[in-house]
Amino acid sequence: MSRRQRITDQLKVEPGTKANLAGRDSAWTGGEEFAELSASKLKATAKNLLTQGIDALGDAQELLWASDTNALLVVFQAIDAAGKDSTIKHVMSGINPQGVQVVSFKKPSSEELDHTFLWRIFKALPERGRIGIFNRSHYEEVVALRVHPGWLDAQRLGNVANSPDFWDGRFEDINAFERHLDRNGTKIVKFFLHVSKAEQKRRFLARLDRPDKLWKFNADDVAERAHWDEYMQAYEEAITATSTEWAPWYVLPADHKPVMQAMTAAILVDTINGLDLRWPTVSDGDRAANALARQRLESEPVD
């Protein structure tokens, strides 16, 4: 087994096993050979691996686009300041913009609240040949709303929301939804960016110290920080219940952003390459037309 595969296996939450967030090191760098590097060398190594991953992802995305048989849905979930935005920005920097779409789910609109919780998710799915990225997703419905159950009132579910198996039912709905997508050609990969509480505090303070980052600071995020343990428990249960063979979760150590980004790119490349895609075939008629076009080009006078 390659080093890369060993790292990926440790990041993946195997179906039927616990997410074990409390037992996962948010500062893990991928093994002893990386742990022994100085901070500067670790950063340089991670950035080099990320560059390689970005190049490989660009090639893989081109094949995905050309084959037009599958789509890739990438889900990012995390506590605030874990690095979702920057990871999307850096990892997708080598992708043809025509082949990728990013959707950020905010507070549901009145129209969305008049439908089931998955309705707006269906509307935002990527078409064949494209990569769709969810910056937060349908998992807010079993994480944020579990921490703040009062927010469920807007969905007007009545006594259903008070039933003891309500959250298990939502997990079942999500698993069935993702199974449906997988059966119909949309591959799903889900990332939980696992940042420590201490690192989140450091990043919040860094935003407050820098004028160019101050706009990213939201005082409400500090209020949500008071619910840290509740969020971790909600994520623990959600990831455990919904990491499946068709839509696996990967828990990425997020205290070192370049390391996390390199891991993200590697997993995405392996996921697309695992789809067994093929370049489109050219028909005999097209080959003949191409040969004629070549003859015409070659016969043109030289300027």
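Between the amide H of ILE133 and those of VAL74, GLN101, VAL102, VAL103, distances stay under 5 Å, these residues lying 5 or more places away or on another chain, with hydrogens modeled in the peptide plane. Among THR116, THR29, sorting on how many other beta-carbon atoms sit within 10 Å of each Cβ, with the fewest leading, yields THR116, THR29. Of all lysines in the structure, the ones whose alpha carbon falls short of 25 Å from that of LYS47, not counting any fewer than 8 places away in one chain, are LYS12, LYS84, LYS89, LYS190, LYS197, LYS201, LYS213, LYS216, LYS257.
Using just its DSSP H runs of length 4 or more, each adding -39500 (n - 2.57), the chain gives a mean residue ellipticity at 222 nm of -15000 deg cm²/dmol after division by all residues. Shown in residue order for region 40-49 are the 3J(HN,Hα) couplings computed by the Karplus curve 6.51 cos²θ - 1.76 cosθ + 1.60 at θ = phi - 60°: 5, 5, 5, 4, 5, 5, 5, 5, 5, 5 Hz (x for Gly and Pro). On full extension, the segment bounded by TRP151 and ASP59 gains 28.9 nm, given 0.36 nm per residue less the C-alpha separation. Amide H contacts of THR186 (H built 1.01 Å from N, in plane; Pro and chain starts excluded): ALA71 sit under 5 Å, all sequence-distant by 5 or more or on other chains. With a Förster radius of 22 Å applied to the beta-carbon distance between ASP85 and LEU205, the computed FRET efficiency rounds to 0.75. Taking every DSSP beta bridge that has both ends in the chain, the antiparallel portion is near 10%.
Here the contact order of the chain, divided by its residue count and restricted to Cα pairs under 8 Å and six or more residues apart, works out to 34 percent. In region 11-110, Cα pairs under 8 Å separated by at least six residues give a relative contact order of 26 percent. Note on region 234-283 and region 165-193: Cα centroid distance 14 Å, given to the nearest whole angstrom. Listed by Cβ neighbour count within 10 Å, with the fewest neighbours leading, HIS194, HIS256, HIS180, HIS227 appear as HIS180, HIS227, HIS256, HIS194. Under the rule that an exposed site lies in a DSSP loop and has at most 13 other Cβ atoms within 10 Å, name the longest stretch of the chain with no GluC sites (Glu not before Pro) of that kind, not counting the sites themselves. Formally, the longest exposed-site-free interval is 128-244.
Every number in this text was worked out from the coordinates using simple rules, so none of it is lab data. Just so it is clear, the model here is predicted, and its values are computed rather than measured. Virtual Cβ from ideal backbone geometry, glycine too; neighbours counted across all protein chains shown.
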